[in-house]
Amino acid sequence: MDLKIKNKIALVTGSTLGIGYSIAKALANEGARVILNGRSAERVNSAVEKLIEETGNKNISGIAADFADVAQINKLIAELPEVDILINNVGIFEPKAFAAITDEDWLRFYEVNVLSGIRLSRAYFDKMISKNWGRIIFISSESAIQIPEEMIHYGMTKTAQIAVARGLAELTKGTNVTVNSVLPGPTLSEGVGGFIKDLAKEKRKTEKETEQDFFKTARPSSILQRFIETDEIASLVAYLASDIAIATNGAAVRADGGVIRSAF
């Protein structure tokens, strides 16, 4: 299927690894001009080279920026004054008991996970409206609906992303601009893969057995009953970023493997 986004300018934040990289790859395979992002120039440059090699798309570049630093965000915006597709994927997470989450932690999580997307959307939204085409997608999480007790601050930021996306969508009436959020479920990113590998070794089980145990105990509501592949998230995001997805706007679209026990 032709998603009709060839030569569209796509910025994917937090895209040197994991879901972000897979999203960038999916967009690059559709011919988009993709800008990768990470905190260090070394990692960004390495990811750019890898993506060009894997997709054959030479219109790939990168900008290093730490989204905890407003000055670096402003520098990125100055280097990239126009974007057609904005994927707000960058985010941090950390299991922590509620009583141990300091004010500084709350503010840091909000700064990176929520304000990063707000700042970029504010920079590009009006330009999308002016040219009557644009896509903004916030990569939220199933944790936005089922707040994890071990990461309440993280869950809060994921809920906030959905609210921001819906509010922005209200400002797109009568245009070809859409704003949506995507809610991945437990996904086999590099970090999760390493965690499962270490846990399997500790419990003297295979990685497959450890994965099965995880879904029996930690995520029993999962219908998929396995970790989602990053490419499986990316395929949905690529569709929502496409020219043919105009009817989906203001939506919180799940790619959670059925973890959330709700039909709506």
If only one of Lys75, Lys50, Lys58 is among the basic types (Lys, Arg), under 25 Å from Val164 (Cβ atoms) and either free of Cβ contacts under 8 Å to residues at least 60 places away in the same chain or surrounded by fewer than 18 Cβ atoms within 10 Å (Cβ to Cβ) (or both), which one is it?
Lys75
Output the qualifying pairs, or none if there are none: Cβ atoms under 7 angstrom, residues six or more apart or on different chains, first residue in the stretch 150-171 and free of Cβ contacts under 8 Å to residues at least 40 places away in the same chain, second residue assigned to a helix (DSSP H, G or I).
Gly155/Ser143; Gly155/Ala144; Thr159/Ala144
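Would it be correct to say that Ile228 is β-branched (Val, Ile, Thr) and in contact (Cβ under 8 Å) with a residue 60 or more places away in the chain? Explain how you work it out, then say what you get.
On the way: β-branched (Val, Ile, Thr): yes; in contact (Cβ under 8 Å) with a residue 60 or more places away in the chain: no.
So Ile228 fails the test.
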Regarding Phe214, is this residue under 23 Å from Lys96 (Cβ atoms), without any contact (Cβ under 8 Å) to a residue 60 or more places away in the chain, surrounded by 18 or more Cβ atoms within 10 Å (Cβ to Cβ) and not assigned by TED's automatic domain parsing to the domain that holds Gly20?
yes
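Yes/no matrix, rows are residues, columns are (1) among the charged types (D, E, K, R); (2) modelled with pLDDT under 95; (3) more than 23 Å from Ala238 (Cα to Cα):
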{"site": "Ile52", "(1), (2), (3)": "no, no, no"}
{"site": "Gly62", "(1), (2), (3)": "no, no, no"}
{"site": "Asp66", "(1), (2), (3)": "yes, no, yes"}
{"site": "Ile77", "(1), (2), (3)": "no, no, no"}
{"site": "Pro81", "(1), (2), (3)": "no, no, no"}
{"site": "Asp84", "(1), (2), (3)": "yes, no, no"}
{"site": "Ile87", "(1), (2), (3)": "no, no, no"}
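Starting from residues that are of a type outside the set (Val, Ile, Thr) and within 13 Å of the chain's Cα centre (by Cα), keep the ones in the stretch 104-142 and report whichever is farthest from Ala255 (Cα to Cα). Reasoning before the result, please.
Of all residues in the stretch 104-142, those of a type outside the set (Val, Ile, Thr) come to 104-111, 113, 115-117, 119-128, 130-135, 138, 140-142.
Filter once more, so that each one left must be within 13 Å of the chain's Cα centre (by Cα): 113, 116-117, 138, 140-142.
Numbers: Asn113: 19, Ser116: 22, Gly117: 20, Phe138: 13, Ser140: 10, Ser141: 9, Glu142: 8 Å.
Per the stated criteria, the residue is Ser116.
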I'm trying to understand the selection: among the residues of the stretch 165-194, which are surrounded by fewer than 21 Cβ atoms within 10 Å (Cβ to Cβ), touching a helix residue (DSSP H, G or I) at 6+ places or on another chain (Cβ under 8 Å) and assigned to a helix (DSSP H, G or I)?
Glu190, Gly191
Does the stretch 95-112 contain any residue that is on the phi > 0 side of the Ramachandran plot, assigned by TED's automatic domain parsing to the domain that holds Ala245 and outside any helix (DSSP H, G or I)?
no
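Would you be able to tell me the number of residues in the stretch 19-45 that are part of a helix (DSSP H, G or I), surrounded by fewer than 20 Cβ atoms within 10 Å (Cβ to Cβ) and not basic (Lys, Arg)?
Number of matching residues: 4.
The values are calculated or read from the model by the stated rules, or taken from the named source; none is laboratory data. Source: prediction; values computed, not measured. Positions of Cβ are backbone-derived with ideal geometry, glycine not excepted, and every protein chain shown enters the neighbour counts.
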